[in-house]
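A.B. asks: Provided herewith is a single structure, encoded as structure tokens, for subsequent inquiry.
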Amino acid sequence: RLFATFDEGLEACRRVVQRGARPAVLRLYDETESRRTFGLEGCALVVLDEGDEGLVEATLEVVDEECAGAERLDEAVVATWLERRNDVSALAPLWSAGVVVDTIETVAPWGALGSLARDVRAALEAVPGMAVASVHESHAYEDGACLYFTFAGRPEGDPRAFHRAAWDAALDAVVAAGAAVSHHHGVGRQRVEHLTRAMGPAYDLLRDLKALFDPEGLLNPDVLGLGEDDR
């Protein structure tokens, strides 16, 4: 399906899953990613399902009903997605040309997703040297969904500083919106500063639990900001 706006597509996805339908793939792309991936103007929604024939038929019927206002696309769009979804061959030439590319994911309730998508993209686009920032919805649940952002830029100075600035800008917007600092990529060391702000006083509890169960600091030292100073 092709929606006029990302918000319209998000609302359709919400209705689908809150009616109990759980397609294996329910992935909505913003205008930038729809153009880059499929050559389409608008916001493309890719839907796939598998399993029991009756359940698949019922699931796709719900999708058809809730997406009735959007343009139906040729099934070739799905074939393109299946063929290219793991193709990263275009990245090496970009890196060689000095372009910094990365992805950041978060998760939030349905009602917050539209403004969150706009705020994070705007924050990324404001970073000096940024060329493009885009988003797609990748995992949908009854109470919310994952937004997966991609950014690329060619900084004039230190690429590491640009990369850090982009991450900080995006996660500042994420924390300000009350969204999670990670969905499935984890926190590790990259998001620690933002994790402590997002968790607030609960971070002290995490620190205490780490000290209780790992007093020697042997397990994943320094990950989540829990290092030698916490022993």
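A.B. asks: Out of all the residues in the range 109-125, which are of a type in the set (D, E, K, R) and under 14 Å from the mean Cα position of the chain (by Cα)?
C.D. replies: The answer is R118, D119, R121.
A.B. asks: Moving on. Which number in (1) in contact with an Asp or Glu (Cβ under 7 Å, 6 or more places away or on another chain); (2) crowded, with 17+ Cβ neighbours inside 10 Å marks the one condition that R15 misses?
C.D. replies: (2)
A.B. asks: Between A173, A177, A140, A152, which is touching a residue at least 24 places away in the same chain (Cβ under 8 Å), closer than 16 Å to D102 by Cα and not assigned by TED's automatic domain parsing to the domain that holds P23?
C.D. replies: A152
A.B. asks: Pick from the range 60-108 the residues that are of a type in the set (K, R) and either surrounded by fewer than 10 Cβ atoms within 10 Å (Cβ to Cβ) or touching a residue at least 12 places away in the same chain (Cβ under 8 Å) (or both): which of them is nearest to F149 (Cα to Cα)?
C.D. replies: That would be R84.
A.B. asks: Just to be sure I understand the filter: pairs with C-beta atoms under 7 Å, separated by 6 or more residues or on different chains, first member in the range 19-41 and outside the structural domain of G114 (by TED's automatic domain parsing) and in contact (Cβ under 8 Å) with a residue 40 or more places away in the chain, second member among the acidic types (D, E) and part of a strand (DSSP E or B). Which pairs pass?
C.D. replies: Filtered contacts from the range 19-41: R27/E137; L28/E137.
A.B. asks: Could I ask something else about it? If we keep just the residues of the range 115-133 that are within 27 Å of A21 (Cα to Cα) and among the small types (G, A, S), which is surrounded by the fewest Cβ atoms within 10 Å (Cβ to Cβ)?
C.D. replies: So the residue we want is S115.
A.B. asks: So if I check each of L94, L55, L82, which one is modelled with pLDDT of 95 or more and not acidic (D, E)?
C.D. replies: L55
A.B. asks: Before we move on, is R14 closer than 18 Å to E137 by Cα, part of a helix (DSSP H, G or I) and free of Cβ contacts under 8 Å to residues at least 12 places away in the same chain?
C.D. replies: No; evaluated as a whole, the condition is false for this residue.
A.B. asks: Any residue that is in contact with a Phe, Trp or Tyr (Cβ under 7 Å, 6 or more places away or on another chain) and modelled with pLDDT of 90 or more - is there at least one of those in the range 172-195?
C.D. replies: no
A.B. asks: Just checking, does the range 44-59 include any residue being within 30 Å of H163 (Cβ to Cβ) and under 21 Å from the mean Cα position of the chain (by Cα)?
C.D. replies: Scanning the range 44-59 turns up at least one residue that is within 30 Å of H163 (Cβ to Cβ) and under 21 Å from the mean Cα position of the chain (by Cα).
The values are calculated or read from the model by the stated rules, or taken from the named source; none is laboratory data. Everything numeric here is computed off the predicted structure, so don't read it as measured data. As a convention, Cβ positions derive from the backbone with ideal geometry for all residues, glycine included, and neighbour counts pool all protein chains shown.
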